[in-house]
Each structure stands twice: as C-alpha cells, then as structure tokens.
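In what follows, a structure is listed as structure tokens, so that the remarks can point back to it.
The values are calculated or read from the model by the stated rules, or taken from the named source; none is laboratory data. As the structure is a computational prediction, the values presented were derived from the model and not from experiment. Ideal geometry is used to build each Cβ from the backbone, glycine not excepted, and the neighbour counts take in all protein chains shown.
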Amino acid sequence: MAHPQRLMPLEAEQLQASDPKGNIWLSASAGTGKTHVLTARVLRLLLNRAAPESILCLTFTKAGAAEMSERINQRLARWVIQLNDDELREELQALGAHYDRETLALARTLFARVLDAPGGLRIQTIHSFCQSLLTAFPVEAGLIPGFHLIEGREEAVQAKKTLTGLLDNSTPASRRIKEEDIILLAEKLGEPGAEDYIYQCRFHHLALNSLGEAIESKVKHALDLPSANIQDILEEACDDDHFDFELLRHMAEANEKWGTKTADDNLAIIQSFVAASPHERVSLLQNLKLVPCTKAGKIREKQAGLFKVAPSYKEWMTSLKDSIDGILSLKERSHFAQFAIAALRTGQAYSQAWQESKKEAGLVDFNDMIESSITLLLIPGIGDWVRYKLDRRTDHILVDEAQDTNRFQWAIIKALAEDFFSGDSAKSVESSRSIFAVGDFKQAIYGFQGTDPQAFIQAHDEFSDKSQGSGREILDLSLNRSFRSTPPILTVVDNMLADIETHCGGIGIDREALQPHQSAKAHLGGAVVLLQPISDYQEEDDNSSSTDNNGEGEDQLENGELELAIRLARQIEAWLDPKKPLYLEALGRPVQPRDILILVRNRGRLASLIVGCLHAQKIPVAGLDRLTLTTPLAVCDLLSAIRFVLQPDDDLTLACLLVSPLIGWDQDRLYKLAAHRAPKETLFDRLRKSEAEKETWDVIRDWLSKADFITPYRFLEMLLSGKEQGRQKLLERLGEEARDPINELLNAALLLESETTPSFQRFLDWFDSGDVEIKRDPSVRQNTVRIMTVHGAKGLQAPVVILADATRDPTQSNGFKKEIIEWPLDENSPSVPIPMPNDTDNYLPFADIITKKKTKDLQEHWRLLYVAATRAEEYLVITGHLGSKSKNKPPEKSWYACAVRAMSMTGIAWQEDSTWQQKAVYHVSGQKTLDQKRPDNQPPASSEAMPAWIKNKIPEEPKPVYPLRPSDLVRDNTSNPPPDGASLNAAKRGTLLHALFERLPMLPPEQREVAGLRWLKTAGITDPLLRNNLAKDACAVMNNPDFVNIFSEKSLAEAPIAAQVGDHVISGTVDRLWIDKEQKRVHIVDFKTGRRVPASEKQVSDAYLRQMAAYVVALEKIFPDYIIEASLLYTSGPKLVSFEQSFLHEYFSKIDEADIQSDYLTL
C-alpha cells in the first residue's frame, strides 16, 4: 500500500465545500479535485468530533468507495505514526481546520476511533447501503432473512433458467408464455431481440404487474382502437359505399388526359384498387397512396402538366391522402396493438416468474434492494421506526457522483435526510447534521443504467426548498479549476461545449451553467491533434481499387477499420521511438506505453484490431478492459484440451488442439496426418498409429492418463506450468493480452471446485451455461498501452489520450441507441416497457416519446465526448473511420465534426502529414525552454531482458517447522506406576489448583478463598469438602511469605515466551512470570501437582530440568542484562524448588538432537 502524499492545501471554493457545518451542493468539473474535497470533508467532520458511525458516504462504484476509504484510513494512520507536530499542524492547516494543541491530540486519536466505531466509516455504494439496511430489517421489508444478492453471471444464469421454465411444456399452462406471443415477438424482433426484450422486462415488474389481466383493453384504449373487429371496420371503410370512388374517378380522368408514363402508372394503380374486393383493397392502400404522395409520404409537387389539365388536382391529392391515412392509421395501430399485447403479456409473465423464482431461492437483485429499501423507509409506522433507528446513527450524508444517482436512489437519500432541517433531530449547533452532494451534469453518461441527470437537479431543488428558513440553507458551489489538463486541452473542450450549445442542441443544462475551465497547469504546454479520418468512400470514377467483385462493400468497411488500426499502431510506434520520442513536459521525460490511453465507444471490432496491430508492432498492450471469457483464443485452446480428453474421437476438437500453441502444429502437418484415412478411422486412431508423430502421441497419452484422476483446475495448471510450458507457448503466440484470460479461466475452475464436486464435463457445462466476463482493474498501471471504453475510463486519466472512433454518427444504428421505450398507457399507471417502433411507423402515437428519447440520447452523446476529452492531461488526439457512404465527410453530429468546429475557433490550419495525409494541431508551448525540457543525452527507455533465473526449476520449499511440547521433544525416563483412582484424582486436583492460581492472585488476599469457593462451584465441583480443601490449599500457597512475589499483582499469569536460541525456536507459556526492573531480575515459576515432591534440585526429573532450561535460555535472549531465576512449585508440599542459572545451562546443552524432532520448541 502506497503512503499518502503530502496533503495539498484546499483552495477557495474547495475549502468552503469541505466546511463540516455547511450543507453543500457542489458542481465539480472534470479533474478539479472532487475526491480530494470529499475526503477533506470527511476528515474535517471527524476533526469536528462527529462520530465515525454517524457519517454515511455514498459512492457510485465499489472501486470509488474503496479508493476513498483507503485515502482516509491512510491519512489518519499517517497522522498517528508518521508526522511530528509541525508536519501534522501543516496538514491540518491545509484542510482549513484548527491546528491548536487540542486539535493535534484529537487528530492522533481519530484512526483508533474509526477502527473502534461500530461498522467503522460507512463509505459504500447505495446498493451496499441498501443491503445492510435490508439485512437488519428483512421481515419488515418483505424479504426472507438471510437472502442472497445475485449479480453478473449468476443473475444471467438464473434469468435464463427462469425463461426456460416458462417455455417448458411441463410447466402448468397458466404460467407458460403463450406460443403465439413468442412467435409474434420473434417475427418482429428476431430471436435475439425477443430474448433481450423479455430479459429486460424483469427490471420493470412493478409497471407490468400494475397492468393486471386487462392488458388488451388498456393497450386498445391507449391506441384509440374500437372494441369491434378491426378487420371488419377496415373492409367497411374500403367498400363501395364508404370510400370516395368519385374522387378516384376524377383523378383517373385527369391522369388519362395528362397521358404521360407517370399518368399511366397512376391509372393502373387506381384501376387495380377499384377492381379489387374490399378485403383486397385494405392491403392495396399503401400502393394507392403513391398516386398523391411520394414514397416518403409527402404530396407530389412537380406535376405542372397534370395541374394544367385539372386545376383542382392538388386538392384531390390532399383529400385522397387524408382518406388513406385515416384507414392506414387504424390498420397500423391495430397491428401494433397485437404486437404490444403479445410483448406486454410475455413480459408480465416473465417478470412474475422472475420474482417468484428469486423468492423461492431467497435471492434479490440490485433493483429489489432499491425498491425494497424505498418501501421499507416509507411504510407508515414501520418506516418511521426504521428511520428513527437509522436517525440515531446517521448525521452526515455525503453523495459522490450525484449526477449518476437515479430518482429511486434519491428517494432513499431523501428518506434518510427527512428530518435534517426540522424538529429536535436537527440536533445541537456543534453537531449539526449536514448533506453534501457533489457531481457534474456534464459527466452524466449512464443513461443506459436508468440514470437521468435531471434527477440531480430535482433533488437539489427539493433539498433547497426544505432547507429554507432552517438557518442552514443549501449552498451552491462549483469547481472549474482543473488539476489534470493543460490549457490547450481545456480551450478546445470549452470550444466544443460552446459549439454543442450553439449547433447541436446542448447537453441538457442551461448554457449559463457552463462556466469556462481554468487550468492549474498554466505553466505547462500541450496539444490537441486532429488526424484525418480513414475513409472507405470511393468516387464513382475512381479506379484505384476493384469494385467489380460481389460483396466488396462489407470488406471495404472492414479494411478501413483495419487501416485505421494499423496507422494508430504506427503513430504510437513513432511516439515511442527513442531517437525522436514524443516528449511529455509535465513528466519531464519521453512518452512510455503506460502513458497512452485509447478510448472507444464500444468493445467492437475496431478495439480488437487496435490490440492486434499494436501487438504486431511489438508495442506492449494490455488488451481490452473487459471481454467475455469464451472469446480469447487462449481460452478456446485450453477448452479444446478439456473437450479432447472427454471425447478423444472428436476429429474437429483434436484438430483444433493440434494446431493450437499447446501442440504447435501447422496446417500442412495436420493435413498429412488426416489425409487418406480409412473409412471410420478417426484422427485419434491415426495419431496413435503414426510413428512420425510419436512425440506428440506421448504428450496426448500423458494428458489422457491423468485426466481421470485430477480436477479441471489441476489439469489446466499442468498444461500451463508443466513440462510442456503451455503458458509460455500461448503468450509467445498470442501476446501478453492472453495472460488475464488464462488466469480468469483458472479462477473459474477453482470457483467450480468451491461450489460442487468438480469434473471435466461439469466444468464445461458450467462454463457454457453463461458468459464469464473479465474486468481488468484500470487503476493497475503496467507499462502497457491501455484500451477501454469511455464509460470504463470514467475517473481515470492519462498524459496521452486517443479518441479512436470519433466519427460515429449517433443518429444511425451504430450510434448510442436504446431499443426500449417506456410507454404511459394512461395517466394513473406507471410507464411500461415496449420495443421502440420503427421510424416508418408514422401512424403510432409515439412521436413525442421517441423524440424526447432521441434528444436525451444525443445529449448524453455529447456529455460522453466531454468525459472522453477530459481524460487527457497533455495530449488529446482525435481520429476515426468513415464508411463507404460518408462521401469523405464526418457526420455533422459526430465528435470529430464538433472537434473540427472547435479547432477552427482557435484559427488553426490543416497541414500535411506523412502517415495521415492531413492533420490539425493546436499546440501551446510551456514556459520552459526546449533546452530545459529535454536533456541532451536522454537515455532511451530500457527494456530489461527476462532474467536467466526465471527459467530455473523452483527449488523445493523447506518443510515448515511444527511446534511440539518439551515432553514430546525430550524423553522422560522417570519410572511411575500405572495410574489408579488416586492418580486420576490427583491430576484433577492439580488442574483445579492451576486454575485457582491463575484467577485468584489478582484479588486481595482476604477475598481469595470466597472467590475460589464460588468459582469451584461454577466449575462443577459438587463436593463441599473438596471445594473447601482446594480453596484452602491454594490460599495457603499464595499467602505463604516465601511466595508473595510470585502471586503479587505485579506478576503475570500464563505469560507467553518466544525466542530463537541458536538453531532452536522456543515458544511456550510459563505459569507465573515476575519482572523486577529495579534489581534487573526475572523470576519464572512453573506449577507441578505431582504427588512426589523432590527433596532437592538434583532429584527433579530430567524432563522438568530440560524444560526449565529452555525457559531460561529463551528469557536470556529477551532480557539480556537480567538475572534469570527459575523455580518449580510443587503444590502438594507446597514446596518451591529453585535452580541456579548455570545449573540449567548444563542441561540445555545436553539436549540430544536425537531427542528433538523439531527446531521449533513449544514449552
């Protein structure tokens, strides 16, 4: 664990925001020290004598909670042991706290107070808080005590199991999903889309349950559909009595007079419609609409000749369009109603089954915790009691990343702070309760998780209203001074925000709230670089590439992405060139791989191509920040080995294994083995018989022979670390990015062993039952280029940041688009989830909902750009890939187009570049001169070769020493008669006397006998005479003037002793230990309860003498300048037998090695 750095002084509004007595709503732009302020506020609360358990700090992620907890605990520990008074005073002054002697003393106690507090500092996610709340009140919340939280893979497996149960014919029909509903969903959405929609419905169970059994009637009412048969109504509207055929006759006559090809087409359409039956006319309506309208649905304007023939033709077209639209609207609404009813019916059935399956298994998910916590806190009566119990503990609430806290989570926070501004619970002035929220609207990017930054604004307004008149109103503050990015980056970021507000609809907040950024690194330089995108667009007369072959369009798109990845790899290689590296002024050295962070919108093909190209250029790369474990080739190769040992006769599995790095064959070698086999001869049979491949067969046979006797984990470890060196082979072929997947596969195998009896087949079944996702820790800084999504990079930073896919169009399918909308069926019911209709469904009442959704998505698209750009410290590079339809022009609403407009505000012109053809660079130099920046003889970054010892065989570890008793180590040859009844009674008597000697000396002499009798009774001694004898004998020994020091308050009972003497480690516990510091003497006494009492030290058993000798030499090591006195107290005498130090030395030196089975002696 790294030691915390010197505490940086809080500045201006940072200092004001950390005031423990204020209620603060803080808007903190990227890189402005938000976490520093939050940590400082917690420290100042503790310095203000707030109880640690009264502070509740809610963070957005577990990583954020762990980071803050570590920062605070390290700082408090530093105050205790690392800082002198002057240094501690300096840190308190930096916090803005008092730094008098009393505060210094208090600061040094805070670490212990936090450790001793019940539960310690509560720094946790909102879900973790809810889990602790519901664990304390499960019954009141309607949960099963001891419930288990499911997430990730476990939740996905349970969700799939629930859906399978609903589709199973063995399930009662009343609980199954209707087959016709599933078929309709699959037709409209495709099987994956239908499955995804059904799974999403489990997060909307409250809304779906509120529909009850009236789904059909509610949907029809919402779509304004009549209750009668829709098909009959449609056919009636198209029959001869209701459709305006007189209008069609006039339009047909006009077209006949016009006499053009278009007129002939119109006549054919009209005649076809008139000749059809009412039933057929319903399906011909869309075709008839082409007479007055274009395919886009707009009235045809360019028909001057027709208008001359029939001046009223424009009015006729409008009338016909309106008539057709009325019928088509009813038709489309009817069709969508069938789909919506099927979707909601299926979603409702699944959400109910999901809730039942969790209840039966005692499971809860994250949504359950939030919903149950809200219900618990708001239940009349019970909610008041729960809030009262919490109210006694929670006086200060701090909310981190408040912009990503959704309305349900805010409901919990509001319930916790219900009485913060009123009543007796407001408490005294010196321990005033407080609310602190810090966030940044510009960084709200988790809309796909149900968050809405408007909830941040609404919560602010509600708390502000509550605080009015309390004397502790909410204070609005903002931080805009970045400690991360240099001036050129912040200039371009401000320009981009201005352009977004002016041309792109904004980010969802008032423009006045967007304050310009300031840089705390004004003395340093930096740059923003636009690299010309790679384009697949080809001019029609461009013959530079072949376009005659079929299917080339898709290949061209992929080739464009590949070319982008190749050029990025070459650009990074040029930056890392030791002869002419990219120099980082802030770090005072050339760039290293660890300084480069590549950001993408998703973990798609481009990200994988970049990883591959960097690896091909031999540039260290960490791989993607998250990937599915079944995807990496290294995992596929290892699973092939497991599948092979289960089914050796499977030709495909064995072929995959042979050409994998584990075996290392090429395709030619595989072909030679596989070709010209006899009928039904397997590849395995051919390999077994092949003399040329005996070496490979020996390896395969060894694997097969061991597979029946070891677990999947041990088998995988044997492949990777055994004599075949599978791990090394995989890494050499696939690169360092294969290391994490290999380790995660091993972890998965170990996890299986902890859950069930492991077997190869069970491991494959478990592995295939659900995706296992690898999440690399982004905070671990290895010397590798990092590639991650913008969402994954939230909270991180890097000297050089590359936005690699900045040309994506958010309005297209490859942009940021969600597939489900929330549809309010009526004003009194919650909105229900429904798959978003196509843009061509013009007759459905979803235009406003879809428009609002697309507006929110676009605003989040721009906020994501802000987050991406502000990850950069010194260099920000922006580029991308344009598809074949782009015409070499980035989409207007792409990040790249916005960056171009922002760069143009700086007056920068484009320049030629050998790699990218063109680039635009906005560069600002720092205050240092070039000579100051770059040393003349800068040595290149060293790349250490792998040390030779790494390949050496690991030596066997020495066997651990085991503690043994002296009686086990030293033979006792003293003859004793076999135990009889008297011997057993004597042993029991000795044990009880030992217990009394341990307990009674701490009491005054006059109270010992009574206390001894009381303890003996509780110890189960029912004989009063025996109790009296034992108590009297014990007190007689303790009150003996010769033994006063042994049983005084200054002596220690059952004192542990440990020391190393020569080759021996001695460890034991002595019955009594008395240390006389004035006389520099240590006296130890060991109690012996045997019947035989020796007359002198020479008659003491050798075993006892050796034991006492070990005590003495150990104490000589511990107290080198003290005289050690050792005695045995025979309680049956009582008699004290003492030994000279030199006398015992002789016995310790006589300990025979043959008598000692361990170098570790336990006495």
Picking from 147, 129, which residue would you name as being of a type outside the set (Gly, Ala, Ser), closer than 28 Å to residue 63 by Cβ and touching a Pro at 6+ places or on another chain (Cβ under 7 Å)?
-> 147
Strands (runs of 3 or more DSSP E) wholly inside region 1052-1163 containing at least 3 residues that are at pLDDT 80 or above and within 26 Å of residue 1040 (Cα to Cα) = 1052-1061, 1064-1076, 1081-1088, 1123-1130, 1135-1139
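Do you know which of the residues in region 761-792 that are among the aliphatic types (A, V, I, L, M), modelled with pLDDT of 85 or more and over 24 Å from residue 616 (Cβ atoms) is surrounded by the most Cβ atoms within 10 Å (Cβ to Cβ)?
790
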Residues in region 853-865: is at least one surrounded by fewer than 22 Cβ atoms within 10 Å (Cβ to Cβ), outside any loop (DSSP other than H, G, I, E, B) and at pLDDT below 85?
-> no
When residue 383 is evaluated against the numbered criteria (1) small (Gly, Ala, Ser); (2) over 24 Å from residue 432 (Cα atoms); (3) at pLDDT below 80, which criterion, by number, is the only one it fails?
-> (2)
What do you reckon, is residue 443 outside the structural domain of residue 898 (by TED's automatic domain parsing), within 26 Å of residue 789 (Cβ to Cβ), touching a residue at least 60 places away in the same chain (Cβ under 8 Å) and touching an Asp or Glu at 6+ places or on another chain (Cβ under 9 Å)?
-> yes
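Mind checking whether some residue in region 251-272 is under 19 Å from residue 331 (Cβ atoms) and in a loop (DSSP other than H, G, I, E, B)?
Within region 251-272, the first condition is being under 19 Å from residue 331 (Cβ atoms), and the residues that meet it are 269, 272.
Then drop every residue that is not in a loop (DSSP other than H, G, I, E, B), which leaves none.
No, region 251-272 contains no residue that is under 19 Å from residue 331 (Cβ atoms) and in a loop (DSSP other than H, G, I, E, B).
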Output for Cβ contacts, cut-off 7 Å, separation at least six or different chains, first residue farther than 19 Å from residue 232 by Cα in region 266-279, second buried (at least 19 other Cβ atoms within 10 Å of the Cβ) and charged (D, E, K, R), reads none
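Out of 351, 372, which single residue is over 30 Å from residue 54 (Cβ atoms), among the small types (Gly, Ala, Ser) and assigned to a helix (DSSP H, G or I)? Lay out the reasoning, then the answer.
Numbers: 372 fails: over 30 Å from residue 54 (Cβ atoms).
Answer to the selection: 351.
Please work out if residue 920 is in a helix (DSSP H, G or I), among the small types (Gly, Ala, Ser) and modelled with pLDDT of 70 or more. Working first, answer last.
Numbers: in a helix (DSSP H, G or I): no; among the small types (Gly, Ala, Ser): yes; modelled with pLDDT of 70 or more: yes.
Considered against the rule, which asks whether it is in a helix (DSSP H, G or I), among the small types (Gly, Ala, Ser) and modelled with pLDDT of 70 or more, residue 920 comes out as no.
Just one of 224, 196 is surrounded by fewer than 18 Cβ atoms within 10 Å (Cβ to Cβ), under 31 Å from the mean Cα position of the chain (by Cα) and either of a type in the set (Ser, Thr, Tyr) or at pLDDT 90 or above (or both); which is it?
Working: 224 fails: under 31 Å from the mean Cα position of the chain (by Cα).
Step by step, each of 224, 196 is checked, and only 196 is surrounded by fewer than 18 Cβ atoms within 10 Å (Cβ to Cβ), under 31 Å from the mean Cα position of the chain (by Cα) and either of a type in the set (Ser, Thr, Tyr) or at pLDDT 90 or above (or both).
Test residue 320 against the stated conditions and say whether it is part of a loop (DSSP other than H, G, I, E, B), at pLDDT 90 or above, touching a helix residue (DSSP H, G or I) at 6+ places or on another chain (Cβ under 9 Å) and not polar (S, T, N, Q).
Values: part of a loop (DSSP other than H, G, I, E, B): no; at pLDDT 90 or above: yes; touching a helix residue (DSSP H, G or I) at 6+ places or on another chain (Cβ under 9 Å): yes; not polar (S, T, N, Q): yes.
When the stated conditions are applied, residue 320 does not pass them.
Give 284, 267 a once-over and let me know the one that is assigned by TED's automatic domain parsing to the domain that holds residue 235 and within 60 Å of the chain's Cα centre (by Cα). Spell out the reasoning first.
Working: 267 fails: within 60 Å of the chain's Cα centre (by Cα).
Answer to the check: 284.
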Counting only residues in region 486-542 that are touching a strand residue (DSSP E or B) at 6+ places or on another chain (Cβ under 6 Å) and part of a loop (DSSP other than H, G, I, E, B), the one farthest from residue 888 (Cα to Cα) is identified as 520
Scope region 91-107; condition among the charged types (D, E, K, R) and either free of Cβ contacts under 8 Å to residues at least 60 places away in the same chain or outside any helix (DSSP H, G or I) (or both); matching residues | 100, 101, 102
Out of the residues in region 866-884 that are of a type in the set (A, V, I, L, M, F, W, C) and closer than 20 Å to residue 524 by Cβ, state the one that is surrounded by the fewest Cβ atoms within 10 Å (Cβ to Cβ).
-> 877
Restricting to region 403-423, what's the tally of residues that are out of contact with any Asp or Glu (no Cβ under 9 Å at 6 or more places or on another chain), assigned to a helix (DSSP H, G or I), farther than 14 Å from residue 141 by Cβ and among the aliphatic types (A, V, I, L, M)?
-> 2
Within region 1007-1022, can one find any residue that is touching a Gly at 6+ places or on another chain (Cβ under 7 Å) and in the same structural domain as residue 1088 (by TED's automatic domain parsing)?
-> no
Neighbours by Cβ (under 8 Å, 6+ apart or cross-chain): first from region 995-1012, under 22 Å from residue 1055 (Cβ atoms) and crowded, with 17+ Cβ neighbours inside 10 Å; second at pLDDT 85 or above and of a type in the set (Phe, Trp, Tyr) = 996/1015
Sole miss for residue 419 among (1) of a type in the set (D, E, K, R); (2) at pLDDT below 90; (3) closer than 23 Å to residue 824 by Cβ is condition (3)
Of the residues in region 297-350 that are surrounded by fewer than 19 Cβ atoms within 10 Å (Cβ to Cβ) and aromatic (Phe, Trp, Tyr), the one that is farthest from residue 280 (Cα to Cα) is 307
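Given the residues 639, 658, which is the only one that is more than 16 Å from residue 715 (Cα to Cα), in contact (Cβ under 8 Å) with a residue 12 or more places away in the chain and in the same structural domain as residue 714 (by TED's automatic domain parsing)?
658
Results for (1) free of Cβ contacts under 8 Å to residues at least 40 places away in the same chain; (2) among the aliphatic types (A, V, I, L, M); (3) in the same structural domain as residue 168 (by TED's automatic domain parsing); (4) on the phi < 0 side of the Ramachandran plot, shown as yes or no for each residue.
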residue	(1), (2), (3), (4)
338	no, no, yes, yes
346	no, no, yes, yes
351	no, no, yes, yes
373	no, no, no, yes
381	yes, no, no, no
386	no, yes, no, yes
400	no, no, no, yes
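Just checking, does region 689-707 include any residue being without any contact (Cβ under 8 Å) to a residue 60 or more places away in the chain, more than 30 Å from residue 786 (Cα to Cα), assigned to a helix (DSSP H, G or I) and of a type in the set (Phe, Trp, Tyr)?
yes
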Taking region 593-643 and keeping residues polar (S, T, N, Q) and outside any strand (DSSP E or B) leaves 602, 608, 617, 630, 631, 640
Given the structure, is residue 389 surrounded by fewer than 17 Cβ atoms within 10 Å (Cβ to Cβ), part of a helix (DSSP H, G or I) and over 30 Å from the mean Cα position of the chain (by Cα)?
-> yes
Of residues in region 464-475 being touching a helix residue (DSSP H, G or I) at 6+ places or on another chain (Cβ under 8 Å) and not in a loop (DSSP other than H, G, I, E, B), the one surrounded by the most Cβ atoms within 10 Å (Cβ to Cβ) | 474
